[in-house]
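J.: The structure's right below; bear with me while I get my questions together.
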Amino acid sequence: MKVLIKSDAARAVDCVAGLIVARLQRLPTSVLGLATGGTMEAVYARLIAAHREGAVSFARARSFNLDEYVGLAPDHPCSYWRYMREHLFDRVDFPPGATLLPRGDAPDPEAEAQRYEAAIVAAGDIGLQLLGLGTNGHIGFNEPTSSLSSLTRIKTLTRSTRAANARFFDRPEDVPRLAITMGIGTILRAQEVILLACGPAKAEAAAALIEGPLAAACPASALQLHRKVTVVLDQAAASRLALRDYYEEVHPGGDAASI
Ligand code: GLP
């Protein structure tokens, strides 16, 4: 696991956006795994800027998002479909039909989850998976005690996750209780994973992910099993790491290239 510690959130975001751009330049037909949440908004803004500058194209890429709320149709203002259209899809050059999310309004959500998993397999799995981090250690919507080999399925959201995401809804009681999420096993099949976490609220989960025991209590700790993971943190999110000096010695300034 590569742990890159940046001096502030803006530099952490630049780093992640730069890694995504570099991958697309190298492999324009990449299958991207995309994430939502407040942290990703700045990453997508950087990708849009890079696209406008002519540095990157999504014209030959495809994407699968991690998750969607059960019960929200794609045009619902709080759906992740809507989030992705507003923050990325409508503003870069993905071809029509190349960007997929689970359908939150599918009549049979369990069948939809299985269909989505099969679509990821049929695409040859994810090339580069982008992840945020829940304050309770979730990735996608894989809440604590998720099976570490789980596939795309329905998960019940914890009260803390619903509270953390309530800011995106008009009323806290509007946050759905269920979501369709890629499983931890689905995520672990990606060729490469980049996780971004910023701010003091993520410090405990980041330490559990990087240094804690491999445990379903912190779903993100499953990334310890993956061969190619880069975790990008700002100073605040890195503040609880016991081996912080070591990571900073290996990657001074959070430079991905240094060994
Ligand atoms: C949601 C998403 C996760 C994301 C998390 C963190 O729960 N399902 O994929 O990592 O939010 O969001 P934020 O960046 O807003 O802290």
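J.: Could you size up the charge dipole of the chain around its Cα centre, putting +1 on the beta carbon of Lys and Arg and -1 on that of Asp and Glu, and report it in debye to the nearest 20?
T.: Taking the Cα centre of the chain as origin, the dipole is about 280 debye.
J.: How many nm separate the modelled label positions at Leu243 and Gln114, each set 7 Å beyond the Cα in the direction of the Cβ?
T.: Here the answer is 4.1 nm between the modelled labels.
J.: Sorted by accessible area (1.4 Å probe), largest first, how do Tyr83, Tyr116 line up?
T.: The most accessible residue leads, giving Tyr83, Tyr116.
J.: Skip the ligands, DNA and RNA, and give the accessible area per residue of the stretch 122-259 with a 1.4 Å probe, whole Å².
T.: Ligands and nucleic acids excluded, the result is 43 Å² per residue.
J.: Okay, next question. How long are the three semi-axes of the equivalent ellipsoid for the stretch 84-216, computed from the Cα gyration tensor as the root of 5 times each eigenvalue, in whole Å, largest first?
T.: Three semi-axes, in Å: 23, 19, 17.
J.: Now a separate question. In a solvent-free Debye calculation with one equal scatterer on each Cα, what is log10 I(q)/I(0) for the stretch 164-239 at q = 0.17, 0.25 Å⁻¹, listed in the order of the q values?
T.: The Debye formula, applied to the Cα set alone, gives -0.80, -1.15.
J.: Using square roots of five times the C-alpha gyration tensor eigenvalues, list the equivalent-ellipsoid semi-axes of the chain in whole Å, biggest first.
T.: 26, 22, 17
J.: From the residues Ser221, Ala122, Ile180, which one has its Cα farthest along the dipole of the chain in the positive direction, the dipole being from +1 and -1 charges on Cβ of Lys/Arg and Asp/Glu about the Cα centre?
T.: Comparing the listed Cα positions along the dipole, Ala122 ranks first.
J.: Suppose R0 equals 30 Å; then what is the FRET efficiency for Ala201 and Val21 from their Cβ-Cβ distance, rounded to the nearest 0.05?
T.: Given R0 = 30 Å and the Cβ-Cβ separation, E is 0.60.
J.: Could you tell me which of rounded, prolate or oblate describes the stretch 120-164, using a ≥ b ≥ c as the square roots of the eigenvalues of the alpha-carbon gyration tensor, with rounded for a/c under 1.5 and, failing that, prolate when a/b is larger than b/c and oblate otherwise?
T.: Judged from the Cα gyration tensor, the stretch 120-164 comes out prolate (a/c at least 1.5, a/b above b/c).
J.: Something else now. Return the percentage of antiparallel bridges among DSSP beta bridges fully within the stretch 2-254, rounded to the nearest 5 %.
T.: The answer is about 25 percent antiparallel.
J.: Label points 7 Å out from Cα along the Cβ direction at Ala123 and Ala215: separation in nm?
T.: Placing both labels 7 Å beyond Cα along the Cβ direction yields 3.4 nm.
J.: On to the next question. Would you kindly state how much longer the chain becomes between Ala49 and Ile154 on full extension, computed as 0.36 nm times their sequence separation minus their alpha carbon distance, in nm to one decimal?
T.: Gain on stretching Ala49 to Ile154: 34.3 nm.
J.: Sticking with this one: With only Lys, Arg, Asp and Glu charged, each at its Cβ (+1 for the first two, -1 for the last two), find how big the charge dipole of the stretch 147-259 is about the Cα centre; round to the nearest 20 debye.
T.: So the magnitude is around 620 debye.
J.: Once you charge only the Cβ atoms, +1 for Lys and Arg and -1 for Asp and Glu, what is the size of the charge dipole of the stretch 26-86 about its Cα centre, to the nearest 20 debye?
T.: Charge dipole of the stretch 26-86: 320 debye, to the nearest 20.
J.: Starting from the Cα-Cα distance between Asp75 and Asp14, subtract it from 0.36 nm times their residue separation and give me the gain in nm to one decimal.
T.: Between Asp75 and Asp14, full extension yields 19.0 nm more.
The values are calculated or read from the model by the stated rules, or taken from the named source; none is laboratory data. All values derive from a computational prediction rather than experimental measurement. In this analysis, Cβ positions are derived from the backbone assuming ideal geometry, glycine residues included, and neighbour counts consider all displayed protein chains. Side chains are part of the model used for accessible areas, which takes the heavy atoms of the whole protein and leaves out ligands, DNA and RNA. Shrake-Rupley method; radii C 1.70, N 1.55, O 1.52, S 1.80 Å.
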